[in-house]
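One structure is given here, and the rest of the page talks about it.
The values are calculated or read from the model by the stated rules, or taken from the named source; none is laboratory data. None of these values were measured; they are calculated from a predicted model. Cβ coordinates were reconstructed from backbone atoms using ideal geometry, including for glycine residues, and neighbour counts include every protein chain displayed.
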């Protein structure tokens, strides 16, 4: 075997390490979350937090939800530093007030439920944040056969074995 | 270089047509089909732009093995499979958007390298019949891929989200959604002109790859590769490690095919786990050949011309077929036929040219021998 | 004394094993071993042995002629006939036309062969002419000739003026269906001829006899003057040329024979299977046939009738046995994957064998 020069070797190891570091950092900054906003009355430490009449939720300057009492909105977010703008109307016909909210999402959670009344009242994280666990749905199963290719023709591999 | 000395005189025009018969044929097909199909120019240009961004990178990776004289790399599917495995993981770890694309690209590299080395070594044992062998490798590795994805993912390789798995609990579903990665590369900095969306960033990536190929041709390795492609024995005498160079060519092709497949799939927005890769080699090769490339010569120009012509035909054929015969399937079958037909024609022309060249060399040798004898 | 003798015997056995492995090929030994293992496992996991055997023999009878079609082209040095779909299409034309013209029962089978013959001769002739122009690159081009012809015929199945109500789409009244039932036509005409039933075991004697006749004719042909010439062209073209054999014509003959056998082969397959499959179905019929003959011990330029029989039996055996045994044993149907890996791996192995020269 030929000897690889030290410099080349270092360069190669460096390149591999660099890629590994980039890959790892991508798993952090690219981690996607589904954020659910609940406008729902909450009781915490004996106190009751009422919902405002209407909340409009903006994520990235885009309206993702208009929530009345007991409604849930949804948005997706990449990364952990989540921020949204809430336009809150406390009572029907009342004035709008705008509030910027930013918070850190836990990296390991796919779906995150934010309770808006708790969030607006400035309660600690455990009060407003909870994990969303999707109910397992088995409805989409049947669409599993009939593979088609780019041509839209089925490419049955070979003779069907009876 | 690849520039041919220009011949003057009446024969040059005929030669031009002869050398570019396949592209000319496709231009004619497109010229007939476009008006009949009744698509608006905006729609057509937009579709072609989308397909250019989607496919150009994949087709470019075919250039390396052609440089090394290994013909059309039907085993580029290996890279596509590597990319699919990488994307399955990325989807499972819920890494979205551009970071997801970058992660999938990086993850695909080691898998591609492994498969590429495997493929290169086999091809070194089958010199002179690389194409049929690479064609069979693609099928063989597809079996291994199915073994991995259909049976190992779940029980052996952990998959976190049950939504990715088949209802039976192991194996990946037939479609993996890349909803949150969908076109994130294309949409970043995209420019809209009328109905046409230009995926600037994707095109920049493709342009960078083109520059890399141009630069690579001039490096020592690139020169070696072309020397090996010209004549293996001469290259070996010149001290070039022929086997290694050939493996490098295949590995590069496979790795870039993996990256290209990530671009392709982010545009599509979902993976057909068991079929996305199957046809990819075939229609990339067909597109390259439509662009005027041959088994032993391909340039970047061929790639772009090929993508545009081939995919124009692809878009308009079904509509045209439906208009003419009243049955949309005719057009569908016609484009399949055209893809296979063009590959067949290119292969036949290549083999005939090779035989003619061989005959010429033989004649020259005989002539030289006779001269030697007479002296 | 006895010790040395023993040693000699073990040594002898070892070299014998080596020789066997070399002659037979390690992959083939593995595949044969695997099939043996499946046959042993079958009763243990509760699969009915005779049913398995019946299925294997049945599938053997369907496929054997298609595999036999490989032989002439391998002999003449044209390599493995990846262009099998071309012949299959001639067979499909014969089958569909025979039904279209109103033939039923056993007669429809005979007529299918009769009608398929001119198509096979014509397309085989053209195909042979092409292959003579591109000596050395046969296999790759054969593959794509097959593909092109299949996709071309996809259009034709829609356009040709078939009218028989059993074959065309009910709604539009034109264009052939993707699968056509052969009930009332030549469904099982060979299989039911002299069929032997012993308990669960049933042997499709007619199909086997039909194959035996074709195989015998092939064997006999290879021992005629033309046959030996064909072998000579394949094994040593220079010698063949020197001894005055017309290489191109011999190769052409082999291609035509191969194509015709493929046409007959698909008809035999259909009569066993009970359906005509059109459109994309012939697409991947070449690979199983190619790998079957390779598993039987053939190589890129050497094939015998024995290879065909052994190979088809092993290959079809594995295809029929794996699903049942696997399902019963580990509740996973891995047969599809195993089939892909085995068949394509076998072809790869044959292609990379150093000794077999460039083809």
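Here are the numbers for this structure:
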item	result
Elements of type strands (runs of 3 or more DSSP E) in the range A:1-75, at least 3 residues being away from chain B (no Cβ under 14 Å) and surrounded by 12 or more Cβ atoms within 10 Å (Cβ to Cβ)	A:32-39, A:54-59, A:62-67
When residues of the range B:316-331 are limited to those that are in contact with a helix residue (DSSP H, G or I) (Cβ under 6 Å, 6 or more places away or on another chain), farther than 24 Å from residue B:53 by Cα and in contact (Cβ under 8 Å) with a residue 40 or more places away in the chain, the one farthest from the other protein chains (Cβ to nearest Cβ)	B:323
Verdict on residue A:98 being in contact (Cβ under 8 Å) with a residue 12 or more places away in the chain, more than 12 Å from chain B (Cβ to nearest Cβ) and more than 27 Å from residue B:101 (Cα to Cα)	yes
In the range B:332-347, residue farthest from residue B:295 (Cα to Cα) [restricted to those that are touching a residue at least 40 places away in the same chain (Cβ under 8 Å) and within 7 Å of chain C (Cβ to nearest Cβ)]	B:340
Test result for residue C:144, in contact with a helix residue (DSSP H, G or I) (Cβ under 6 Å, 6 or more places away or on another chain), within 14 Å of another protein chain (Cβ to nearest Cβ) and farther than 25 Å from residue C:238 by Cα	yes
Any hit, the range B:160-178, residues being more than 14 Å from every other protein chain (Cβ to nearest Cβ) and modelled with pLDDT under 90	no
Which listed residue is more than 12 Å from the chain's Cα centre (by Cα) and either part of a helix (DSSP H, G or I) or under 12 Å from residue B:339 (Cα atoms) (or both), from B:305, B:288	B:305
Single condition residue B:144 does not satisfy, out of (1) closer than 17 Å to residue B:253 by Cα; (2) at the interface with chain C (Cβ under 9 Å from one of its Cβ atoms)	(1)
Complete set of residues in the range C:111-137 that are within 13 Å of residue C:83 (Cα to Cα), assigned to a helix (DSSP H, G or I) and at the interface with chain B (Cβ under 9 Å from one of its Cβ atoms)	C:130
Qualifying position, being in a loop (DSSP other than H, G, I, E, B) and either more than 25 Å from residue C:299 (Cβ to Cβ) or in contact (Cβ under 8 Å) with a residue 40 or more places away in the chain (or both), among C:42, C:64, C:47	C:47
Single match in C:341, C:305 (criterion: within 13 Å of chain B (Cβ to nearest Cβ) and surrounded by fewer than 22 Cβ atoms within 10 Å (Cβ to Cβ))	C:341
Hey, residue A:82 surrounded by fewer than 18 Cβ atoms within 10 Å (Cβ to Cβ), closer than 30 Å to residue B:184 by Cβ and touching a residue at least 24 places away in the same chain (Cβ under 8 Å) or not	no
Given (1) more than 14 Å from chain B (Cβ to nearest Cβ); (2) surrounded by fewer than 20 Cβ atoms within 10 Å (Cβ to Cβ), number of the condition residue C:324 does not satisfy	(2)
Unmet requirement for residue C:81, which otherwise passes all of (1) surrounded by 24 or more Cβ atoms within 10 Å (Cβ to Cβ); (2) away from chain B (no Cβ under 13 Å)	(2)
Residues that are farther than 24 Å from residue A:95 by Cα and out of contact with any helix residue (DSSP H, G or I) (no Cβ under 6 Å at 6 or more places or on another chain), drawn from the range A:36-80	A:36, A:43, A:45, A:46, A:47, A:74, A:75, A:76, A:77, A:80
Residue C:185 being within 13 Å of chain B (Cβ to nearest Cβ) and either at pLDDT 85 or above or farther than 30 Å from residue B:343 by Cα (or both)	no
Qualifying position, being more than 14 Å from every other protein chain (Cβ to nearest Cβ), part of a helix (DSSP H, G or I) and either touching a residue at least 60 places away in the same chain (Cβ under 8 Å) or under 30 Å from residue B:43 (Cα atoms) (or both), among B:225, B:313, B:282	B:225
Members of the range C:263-274 that are buried (at least 19 other Cβ atoms within 10 Å of the Cβ) and within 14 Å of another protein chain (Cβ to nearest Cβ)	C:265, C:266, C:268, C:269, C:270, C:272, C:273
Odd one out for residue C:165, checked against (1) in a loop (DSSP other than H, G, I, E, B); (2) facing chain B (nearest Cβ under 7 Å)	(2)
Residue C:313 vs. criteria in contact (Cβ under 8 Å) with a residue 12 or more places away in the chain, facing another protein chain (nearest Cβ under 10 Å) and surrounded by fewer than 23 Cβ atoms within 10 Å (Cβ to Cβ)	no
Exclusive hit being more than 18 Å from residue C:151 (Cβ to Cβ), within 14 Å of chain C (Cβ to nearest Cβ) and outside any helix (DSSP H, G or I), set B:350, B:274	B:274
Single residue of B:132, B:122 found to be facing another protein chain (nearest Cβ under 9 Å) and within 19 Å of the chain's Cα centre (by Cα)	B:132
Lone qualifier among C:87, C:91 - being touching a helix residue (DSSP H, G or I) at 6+ places or on another chain (Cβ under 6 Å) and within 23 Å of residue B:135 (Cβ to Cβ)	C:87
Helices (runs of 4 or more DSSP H) fully within the range C:225-322 counting 3 or more residues that are under 16 Å from the mean Cα position of the chain (by Cα)	C:247-273, C:286-295
Test: residue in the range B:122-134 that is in contact (Cβ under 8 Å) with a residue 24 or more places away in the chain and surrounded by fewer than 19 Cβ atoms within 10 Å (Cβ to Cβ)	yes
Flag if residue C:349 is within 11 Å of chain B (Cβ to nearest Cβ), in a loop (DSSP other than H, G, I, E, B) and in contact (Cβ under 8 Å) with a residue 24 or more places away in the chain	no
Number of positions in the range C:136-158 that are more than 17 Å from residue C:283 (Cβ to Cβ) and either exposed (fewer than 14 other Cβ atoms within 10 Å of the Cβ) or in contact (Cβ under 8 Å) with a residue 60 or more places away in the chain (or both)	2
